[in-house]
Amino acid sequence: MNPFLSIWTQPRATIRGIVDTDPTRNVIALAATGPALSSLLRQWSAAMNGTANQSVLWPLFVAFNVASRAVLGILLLYVSGVVFRWSGALLGGTASRTEVRTALAWSQVPGIVVAIVLMLALFAGVPMPKVLPGQLPQIDPAFYKVLVVVVPLAIWGFFIGLKCLGEVHRFSSWRALGAILIPALVAMLAAVAITLAVFWFASIAGGHR
């Protein structure tokens with residue numbers, strides 16, 4: 001199987017085959033490519049919409065931004081591998097951090113394809129939505145035709161991610177969804193606790209004045 005093709009129709013079999021043969025296959029490249037393409041798309045779209053600061057150093061800024069996003073994508077992959085290995089284990093998952101990273105990296109294939117489709121549309125002259133502070137996004141009617149292609153790809157990509165994570169943990173896609181939601185819930189509770197603690201300390205400090 002060509003995993004770049006079979007990941008769309010057989011995500012579980014594809015990710016299992018990769019994990020069983022070479023779990024590091026294209027993992028770093030995929031983790032870097034997605035964020036890099038997204039950064040390039042944003043910069044090019046801003047240039048075409050006239051919202052970018054196109055000085056003589058703009059190409060260098062774009063190159064630095066794309067490279068830094070690629071590095072950040074790799075770092076995020078390793079952090080996510082630890083987090084989703086932990087949350088999956090809470091639900092009975094058995095994947096290692098390496099296997100989780102494999103699932104997360106290959107789950108980015110649909111997102112990469114979406115970014116490529118958007119870039120092709122941009123090169124074809126279809127303007128991306130223009131977002132200005134304090135205003136609703138300005139969407140060109142031609143962009144709605146692009147959404148007909150992009151939205152289904154993005155939605156199916158989300159389910160591919162669930163299936164890949166579920167496969168390496170050897171549980172269902174529903175448990176994979178739970179493994180994704182657990183860290184978000186923990187982060188939300190931590191944010192609430194920190195906020196309440198700040199207000200509590202502020203009230204105590206105000207009472208002692």
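Just so it is clear, none of the values below were taken in a lab; they were calculated from the coordinates. Fair warning: this is a prediction, and the values are worked out from it, not measured in the lab. As a convention, Cβ positions derive from the backbone with ideal geometry for all residues, glycine included, and neighbour counts pool all protein chains shown.
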Relative contact order of the chain, please, whole-number percent, based on alpha carbon pairs below 8 angstrom and at least 6 residues apart.
26
Determine the shape class of the range 1-112: with a ≥ b ≥ c the square roots of the Cα gyration tensor eigenvalues, call it rounded for a/c under 1.5, and otherwise prolate if a/b is greater than b/c, oblate otherwise.
prolate
Quick check on the range 89-209: take the gyration tensor over C-alpha atoms, sort the square-rooted eigenvalues as a ≥ b ≥ c, and tell me if it's rounded (a/c under 1.5), prolate or oblate.
oblate
Rg followed by Dmax, in Å, when the chain is reduced to its Cα trace:
20.7, 71
In terms of the charge dipole of the range 3-207, which places +1 on Lys and Arg and -1 on Asp and Glu at the beta carbon, the residue among G88, W58, W44 farthest towards the positive end is G88
Per the helix-only model, the chain has a calculated mean residue ellipticity at 222 nm (DSSP H runs of ≥4, -39500 (n - 2.57) each, divided over all residues, rounded to the nearest 500) of -27000 deg cm²/dmol
Place the peptides 21-31, 190-200 in order of packing, highest mean first, counting for every residue the other Cβ atoms within 10 Å and averaging per peptide.
21-31, 190-200
What dipole magnitude, in Debye to the nearest 20, does the chain give about its Cα centre under +1 on Lys/Arg Cβ and -1 on Asp/Glu Cβ?
240
Which whole-number percentage describes the relative contact order of the range 70-137, with Cα contacts under 8 Å and a sequence gap of 6 or more?
21
With helices defined as uninterrupted DSSP H runs, which ones in the chain have an alpha carbon span along their own long axis of at least 30 Å and mean Kyte-Doolittle hydropathy of at least -1.0?
27-49, 58-90, 141-169, 173-207
Where a ≥ b ≥ c are root eigenvalues of the Cα gyration tensor, a/c under 1.5 meaning rounded, otherwise prolate if a/b exceeds b/c and oblate otherwise, the range 144-209 counts as oblate
Between the range 3-40 and the range 109-123, the alpha-carbon center distance in angstrom
16
Positive-end extreme of charge dipole, the range 57-166 - chosen from Y144, A124, W156 (charges on Cβ)
W156
